[in-house]
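Everything below concerns the one structure shown next.
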Amino acid sequence: MSLQSARHIALEVFEKTLAPGDRAVDATMGRGRDTLALCRLVGEAGRVYAFDVQQAALLETRALLESEGMLCRASLYWMGHERMAERVPAGVKLVAFNLGWLPGSDKGLTTRVDTTLLAVQSALQLLSPGGVLSLCCYPGHPEGQRELDALTELAKSLAPQRFTALKHVFLNAGPGAPVAILIEKTKTPASARR
Ligand SMILES: C[S@@+](CC[C@H](N)C(=O)[O-])C[C@H]1O[C@@H](n2cnc3c(N)ncnc32)[C@H](O)[C@@H]1O
């Protein structure tokens with residue numbers, strides 16, 4: 001296991017969670033690196049739904065998937081992730097958020113706490129039992145800190161019978177280091193465990 005960064009933790013979680021035939025969501029498509037990783041893991045019978053508010057992200061991701069022969073495994077949407085329930089059927093195994101802005105592009109096009117919270121609530125509904133929500137948070141900028149604070153509160157408020165929530169903090173990486181939050185939907189309903 002690589003503990004190098006929040007994104008490395010997320011990639012490990014993708015690999016451990018997904019199997020061929022699964023459905024997954026990339027809530028922040030960006031340059032398509034995560035979408036590509038998810039497409040490889042869900043295999044030919046699986047599906048990846050990916051969202052971004054920037055048309056450039058969709059075009060770049062489409063070109064990347066096409067060059068890797070993976071475009072047929074993905075549905076790409078130029079649409080905010082807060083609307084994912086309009087396009088994604090319930091029963092997804094993994095939803096990934098890599099928050100913030102696209103490196104090298106307009107920092108004003110960052111994810112925002114209000115829409116991120118709506119999207120995460122929607123994602124929690126769409127997850128299948130045993131499904132995982134993965135969030136890479138970047139508290140090194142003000143909106144990123146607000147997102148981390150709000151997501152931490154949301155995760156703490158989840159019923160422990162229904163979800164397991166973890167926060168991975170890098171203790172010696174200095175202030176502003178990325179933080180990984182992972183939320184798993186419980187496999188067995190509480191009523192069946194009594
Ligand atoms: C850190 S980048 C994602 C990197 C990407 N996962 C990759 O592998 O290249 C964050 C992305 O979130 C997008 N974004 C911002 N607000 C959004 C929203 N409401 N819905 C979906 N994407 C959004 C930005 O346009 C940006 O491309």
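Tabulated data for the structure shown
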read-out	value
Residue among 87, 7, 23 that alone is under 26 Å from residue 179 (Cβ atoms) and of a type in the set (Lys, Arg)	7
Restricting segment 1-33 to residues that are near the ligand (Cβ under 8 Å from one of its atoms) and among the charged types (D, E, K, R), the residue that is farthest from residue 64 (Cα to Cα)	26
Options 114, 106: the member that is more than 24 Å from residue 37 (Cα to Cα), modelled with pLDDT under 95 and either near the ligand (Cβ under 10 Å from one of its atoms) or surrounded by fewer than 19 Cβ atoms within 10 Å (Cβ to Cβ) (or both)	106
So residue 100, is it within 9 Å of the ligand (Cβ to nearest atom), farther than 20 Å from residue 62 by Cα and at pLDDT 95 or above	yes
Residue match in segment 42-62 (condition: in contact with a Phe, Trp or Tyr (Cβ under 8 Å, 6 or more places away or on another chain) and touching a residue at least 60 places away in the same chain (Cβ under 8 Å))	no
Selection within segment 52-80 - within 11 Å of the ligand (Cβ to nearest atom) and part of a strand (DSSP E or B)	52, 77, 78
Among (1) of a type in the set (Phe, Trp, Tyr); (2) within 22 Å of residue 5 (Cα to Cα); (3) away from the ligand (no atom under 16 Å from the Cβ), the one test that residue 138 misses	(3)
Hey, residue 187 part of a loop (DSSP other than H, G, I, E, B), touching a residue at least 40 places away in the same chain (Cβ under 8 Å), on the phi < 0 side of the Ramachandran plot and among the charged types (D, E, K, R) or not	yes
Matching entry among 31, 83 (being within 15 Å of the chain's Cα centre (by Cα), among the charged types (D, E, K, R) and outside any helix (DSSP H, G or I))	31
Filter result for residue 128 (out of contact with any Pro (no Cβ under 8 Å at 6 or more places or on another chain), of a type outside the set (Val, Ile, Thr), closer than 24 Å to residue 36 by Cα and buried (at least 18 other Cβ atoms within 10 Å of the Cβ))	no
Filter pass, residue 148 being surrounded by 12 or more Cβ atoms within 10 Å (Cβ to Cβ), assigned to a strand (DSSP E or B) and within 16 Å of the ligand (Cβ to nearest atom)	no
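The values are calculated or read from the model by the stated rules, or taken from the named source; none is laboratory data. What you see is a predicted model, and the numbers here were worked out from it, not measured in a lab. Every residue, glycine among them, receives a Cβ derived from its backbone with ideal geometry; neighbour counts consider all protein chains shown.
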